[in-house]
Every structure is written in structure tokens, then in C-alpha cells.
Amino acid sequence: MYAVIGQRISLECVAQGSPVPSVYWRYQSTPSRGDLPMWSQREPQTGSATLTIESVTNVDSGNYVCVASNDGGQVEETAQIIGNCVEFLAHLS
């Protein structure tokens, strides 16, 4: 996903299963960062989690991993965010 620097973005991850899976986001391969408490809204036992970045910066660029797990196992899906600076050129005549 390309995002303009300063833009607000949200990514939703939804999983289905029985029992209802626990779903959360983590940043790249850093499990110690957990479910991104600053940005990730985890809704227990609803099978979904929303990752929101209020104002994208270059630091936010990277791979975000949605993790869904229940008694049947665990699955992961990755979303890549690329922060871009958009330049506008004005031509005056």
C-alpha cells in the first residue's frame, strides 16, 4: 500500500474460525513489539483487528503482519506500507 506522508491509513484484518480467532497486528518480524499498542485496535474474540496510523511518516514504512490464531492453529498475512513524499510543482506563467 502506498501512503502519502501525513496521510491517515487504516488496515483491517478479519479472520473466521471456530472458536473465533484472536487477531492482532505486529510490525515486521519483531514479535516483542506485540500488537502495536499505539496503532492497533484489537477487538478480543471478534476475529478482527484494525491497524491505524494517524499520520504516516517514513518511519512507518515496512511490513505489517496480521496474525490470527485459535485452537486450530495460526495464520499470518503481510501488508506492506510504503510512505511517499509527493511533490507538487507549480508552473507560473
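The values are calculated or read from the model by the stated rules, or taken from the named source; none is laboratory data. Just so it is clear, the model here is predicted, and its values are computed rather than measured. Here the Cβ positions follow ideal geometry from the backbone for every residue, glycine too, while neighbour counts run over all protein chains shown. When the accessible area is computed, the model is the full protein with side chains, heavy atoms only, and any ligands, DNA or RNA have been set aside. Shrake-Rupley method; radii C 1.70, N 1.55, O 1.52, S 1.80 Å.
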- Query: Of the residues that make up region 56-77, is at least one open to solvent by 90 Å² or more (accessible area, probe 1.4 Å), at pLDDT 90 or above and under 11 Å from the mean Cα position of the chain (by Cα)?
  - Reply: yes
- Message: Here's a check for you: in region 1-17, which residue that is over 11 Å from Gly47 (Cβ atoms) and of a type in the set (S, T, N, Q) is most open to solvent (accessible area, probe 1.4 Å)?
- Response: Gln7
- Message: Of everything in region 8-34, what is modelled with pLDDT of 90 or more and in a loop (DSSP other than H, G, I, E, B)? Give them in sequence order.
- Response: Arg8, Ala15, Gln16, Gly17, Ser18, Pro19, Val20, Pro21
- Query: Across region 59-82, what is the total count of residues that are part of a strand (DSSP E or B) and free of Cβ contacts under 8 Å to residues at least 24 places away in the same chain?
  - Reply: 4
- Would you check which residues across region 78-93 are modelled with pLDDT of 65 or more and either at positive phi or hydroxyl-bearing (Ser, Thr, Tyr) (or both) and list them? Thr78
